[in-house]
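Working notes for the structure below.
The values are calculated or read from the model by the stated rules, or taken from the named source; none is laboratory data. Computed from a predicted model, the values in this text were never measured in an experiment. We place every Cβ from the backbone using ideal geometry, glycine too, and count neighbours over all the protein chains shown.
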């Protein structure tokens, strides 16, 4: 009887294959999504580098100015539709991409985004600050805090 119980227990554990999955690594949000900035013709480019097997929800990318108003941006990349467990049919981005926007003399812009590591975890919404420095009326530098 004891042997049967051990065998049944063993096979029950095997049914939870993720326990025995040799690739249980789940990257942190910072490892999954690496952001960098650049300046192009007095517009700001934010580059998103995505780790393998990750994606970002396109409609969860939100830029806000110091008055908490939304800033429109141009999406530069490839998007696709996905049937999501939490959000239904939604546009996602699963490869590196950029967004481009004008700063309009703002010194700090908040950037919110949210994504997932496929079939393992969805990350909570992440907020970063984009800090912009000016030389007279021109953008001299931009970085992500």
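Note down all Cβ pairs under 8 Å where the first residue falls in segment 44-70 and is touching a residue at least 12 places away in the same chain (Cβ under 8 Å) and on the phi > 0 side of the Ramachandran plot, the second is surrounded by 13 or more Cβ atoms within 10 Å (Cβ to Cβ) and part of a strand (DSSP E or B), and they're at least six residues apart or on different chains.
That search, which allows pairs on different chains as well, returns 53/117.
Being out of contact with any strand residue (DSSP E or B) (no Cβ under 6 Å at 6 or more places or on another chain), within 18 Å of residue 38 (Cβ to Cβ) and loosely packed, with under 11 Cβ neighbours inside 10 Å is the requirement here; does residue 145 meet it? Even if it seems obvious, please write down each step before you answer.
Numbers: out of contact with any strand residue (DSSP E or B) (no Cβ under 6 Å at 6 or more places or on another chain): no; within 18 Å of residue 38 (Cβ to Cβ): yes; loosely packed, with under 11 Cβ neighbours inside 10 Å: yes.
Spelling it out, it is not the case that residue 145 is out of contact with any strand residue (DSSP E or B) (no Cβ under 6 Å at 6 or more places or on another chain), within 18 Å of residue 38 (Cβ to Cβ) and loosely packed, with under 11 Cβ neighbours inside 10 Å.
What number of residues within segment 101-122 are within 16 Å of the chain's Cα centre (by Cα) and either more than 14 Å from residue 32 (Cβ to Cβ) or outside any strand (DSSP E or B) (or both)? If you could, list the steps in order and put the result at the bottom.
Filtering segment 101-122 down to residues within 16 Å of the chain's Cα centre (by Cα) leaves 110-122.
Then keep just the ones that are either more than 14 Å from residue 32 (Cβ to Cβ) or outside any strand (DSSP E or B) (or both); that gives 110-112, 114, 118-120.
The total comes to 7.
Does residue 75 satisfy the condition of being modelled with pLDDT of 95 or more, closer than 24 Å to residue 41 by Cβ, surrounded by 12 or more Cβ atoms within 10 Å (Cβ to Cβ) and more than 13 Å from the chain's Cα centre (by Cα)? Outline the logic, then answer.
Working: modelled with pLDDT of 95 or more: yes; closer than 24 Å to residue 41 by Cβ: yes; surrounded by 12 or more Cβ atoms within 10 Å (Cβ to Cβ): yes; more than 13 Å from the chain's Cα centre (by Cα): yes.
Here the answer is yes, as residue 75 does meet what is asked.
Could you list all residues from segment 39-49 that are surrounded by fewer than 19 Cβ atoms within 10 Å (Cβ to Cβ) and within 18 Å of residue 111 (Cα to Cα)?
In the first step, residues of segment 39-49 are kept if they are surrounded by fewer than 19 Cβ atoms within 10 Å (Cβ to Cβ); the result is 39-43, 45, 47, 49.
If the condition is that a residue be surrounded by fewer than 19 Cβ atoms within 10 Å (Cβ to Cβ) and within 18 Å of residue 111 (Cα to Cα), then 39, 43, 45, 47, 49 are the ones that fit.
Give the number of residues within segment 33-56 that are in a strand (DSSP E or B) and in contact with a helix residue (DSSP H, G or I) (Cβ under 8 Å, 6 or more places away or on another chain). Lay out the reasoning, then the answer.
As a first pass, look at segment 33-56 and keep what is in a strand (DSSP E or B): 33-40, 43-50, 54-56.
Subsequent filtering for residues that are in contact with a helix residue (DSSP H, G or I) (Cβ under 8 Å, 6 or more places away or on another chain) retains 50, 54.
Of the residues in that region, 2 qualify.
Under 7 Å between Cβ atoms, which residue pairs at least 6 apart in sequence (or on different chains) link something in segment 97-120 that is within 13 Å of residue 66 (Cβ to Cβ) with a partner that is in a loop (DSSP other than H, G, I, E, B)?
As it stands, the answer is 106/65; 106/66; 108/66; 109/65; 109/103, since those pairs meet every condition given.
Can residue 95 be described as under 30 Å from residue 132 (Cα atoms) and not in a strand (DSSP E or B)? Let's see the steps before the verdict.
Working: under 30 Å from residue 132 (Cα atoms): yes; not in a strand (DSSP E or B): yes.
Criteria met by residue 95.
Which residue, of 109, 92, 61, 26, is surrounded by 15 or more Cβ atoms within 10 Å (Cβ to Cβ) and in contact with a helix residue (DSSP H, G or I) (Cβ under 9 Å, 6 or more places away or on another chain)?
Working: 109 fails: in contact with a helix residue (DSSP H, G or I) (Cβ under 9 Å, 6 or more places away or on another chain); 61 fails: in contact with a helix residue (DSSP H, G or I) (Cβ under 9 Å, 6 or more places away or on another chain); 26 fails: surrounded by 15 or more Cβ atoms within 10 Å (Cβ to Cβ).
Answer to the selection: 92.
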